[in-house]
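Only one structure is covered here, and it is reproduced in the block below.
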């Protein structure tokens, strides 16, 4: 019996070590991508005459595209094109096939609840989201939220010609493993 207890303790320590390594690796990837996003935005600022036209902004999969700021929870997160596991390890993923600001359609951003969107549940109606991209800075205000089944694909849809920012993450926030639901935030553009 004593050997079995020792075996379980060793297995537990190995799992904790693996989890810690994955967390450190993810934080490092996110930090590198955020630095890359800052460099991208600074280069574009320096080259103001060559700003990208929103109608021509279609980044490649895995490409760093900008920054998502959420002032109410003091978050500054890199945005990457794509939502597969490698992309989401680096930051917030932009769902391929959805729009970007000023493209007059739905913009969908997704992230892991236990990394980039750890505090997303603290966001409230009226809070602000700022998207910083090579062709400008865009502000959105949260207008609604809801919880849907993990398999619900009706969330991603065209809203043309209306622009809408949709932010998604797994739910419940404290769930261990593959969460059964998704937390959805809806935000509308604030014209400046």
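Please treat every number below as a calculation from the coordinates, not as lab data. Remember, predicted model here, so these are calculated numbers, not experimental data.
Per DSSP H run of at least 4 residues, take -39500 (n - 2.57); add these up for the chain, divide by its residues and hand me the 222 nm value, nearest 500 deg cm²/dmol.
After summing the helix terms and dividing by the residues of the chain, the value is -9500 deg cm²/dmol.
Can you classify segment 118-170 as rounded, prolate or oblate using the Cα gyration tensor, where a ≥ b ≥ c are the square roots of its eigenvalues, rounded means a/c under 1.5, and otherwise it's prolate if a/b beats b/c and oblate if not?
oblate
So, in Å, what gap is there between the alpha-carbon centers of segment 122-192 and segment 91-111?
10
Relative contact order, percent, of segment 2-190 when contacts are C-alpha pairs under 8 Å separated by at least 6 residues?
18
With the Cα gyration tensor of segment 66-118 giving a ≥ b ≥ c as the square roots of its eigenvalues, does the rule (a/c under 1.5 for rounded; else a/b larger than b/c for prolate; else oblate) give rounded, prolate or oblate?
Oblate, since a/c reaches 1.5 and b/c is not below a/b.
More than 26 Å apart: what percent of Cα pairs in the chain qualify?
Of all Cα-Cα distances in the chain, 35 percent exceed 26 Å.
What is segment 1-110 by shape, rounded, prolate or oblate, if you read a ≥ b ≥ c off the alpha carbon gyration tensor as root eigenvalues and call it rounded for a/c under 1.5, prolate for a/b larger than b/c, and oblate otherwise?
prolate
How far, in nm, would the chain grow between residue 72 and residue 128 when pulled straight, counting 0.36 nm per residue and subtracting the alpha carbon separation?
19.4 nm
Nearest 10 degrees, 0 to 90: what angle lies between the long axis of helix 2-46 and the longest principal axis of the chain (Cα atoms)?
10
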